[in-house]
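Written below as structure tokens is the structure these notes are about.
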Amino acid sequence: MRSLTLFGKSTIIKSLALPKLLYVCSKIFVPDYFISKVKNVITDFIWNGKKPKIKYDTLIGNCDNGGINLPDFESQIKANRVKWALNLLDENYVKTWKSFPMQHLASIGGTKAIGTNFDKERIPKVLSHFYKSVLVSWAEYCNE
């Protein structure tokens, strides 16, 4: 109801909407259609349901490049997946939660197989969608 600026709307998205979504999405598999739906809701909120005046890719850019530093939901989900993999690989991290994922990842050789040069072609078809998304994000991270 208030006439917020683009930066004000970006602040609301950053502080109220995305943290709640990312908390839930960090624990479950997130399908592509859901990511698209969230992007559409964010775009509708930014532009008050009207046709966008600036592309989404520009909005998520830096202010120097004409953006408003809007966080990209898809990139943040991928970052959560990479962080999850890093915690799994960390020897000093609490090990009690690692037993379940290690049973699932045993088919590809466990943590030794998902080193810094992991290839996503090696992901077995029998893994759950969550573990596949973690390994795909990890492979993309390793190959960049």
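The values are calculated or read from the model by the stated rules, or taken from the named source; none is laboratory data. It should be emphasised that the depicted structure is a prediction, and the values quoted were computed from it without experimental measurement. Cβ sites come from the backbone with ideal geometry, for glycine too, and all protein chains shown count toward neighbours. Note: areas computed on protein heavy atoms with side chains; ligands, DNA, RNA excluded. Shrake-Rupley method; radii C 1.70, N 1.55, O 1.52, S 1.80 Å.
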- Task: Return the residue satisfying two criteria in turn: it lies in region 1-59 and is of a type in the set (A, V, I, L, M) and in a loop (DSSP other than H, G, I, E, B), and of such residues it is least open to solvent (accessible area, probe 1.4 Å).
- Result: Val30
- Task: Within region 24-38, work out how many residues are within 13 Å of the chain's Cα centre (by Cα) and closer than 25 Å to Gly67 by Cα.
- Result: 5
- Task: Give the residue that is nearest to the chain's Cα centre (by Cα), with candidates limited to residues of region 39-58 that are within 12 Å of Leu70 (Cβ to Cβ) and among the charged types (D, E, K, R).
- Result: Lys39
- Message: Is it the case, given these coordinates, that Ala106 is under 22 Å from Glu144 (Cβ atoms) and without any contact (Cβ under 8 Å) to a residue 40 or more places away in the chain?
- Response: no
- Query: Which is at pLDDT below 85, of a type in the set (Ser, Thr, Tyr) and closer than 18 Å to Val134 by Cβ, of Ser107, Ser26?
  - Reply: Ser107
- Message: For region 120-128, check the following and say yes or no: at least one residue is open to solvent by 50 Å² or more (accessible area, probe 1.4 Å), at pLDDT below 90, over 22 Å from Ser26 (Cα atoms) and assigned to a loop (DSSP other than H, G, I, E, B).
- Response: no
- Query: Among the residues of region 64-104 satisfying the criterion of being at pLDDT below 90 and not in a helix (DSSP H, G or I), which is least open to solvent (accessible area, probe 1.4 Å)?
  - Reply: Gly67
- Message: Pairs please, first residue from region 47-64 and under 13 Å from Ser10 (Cβ atoms), second anywhere and among the acidic types (Asp, Glu) and in a loop (DSSP other than H, G, I, E, B), Cβ atoms under 7 Å, 6+ apart in sequence or on different chains.
- Response: Ile60/Asp72
- Query: Quick one: is Gly61 within 19 Å of the chain's Cα centre (by Cα), modelled with pLDDT under 95 and small (Gly, Ala, Ser)?
  - Reply: yes
- Residue count for region 65-77, restricted to those that are free of Cβ contacts under 8 Å to residues at least 40 places away in the same chain and among the β-branched types (Val, Ile, Thr): 0
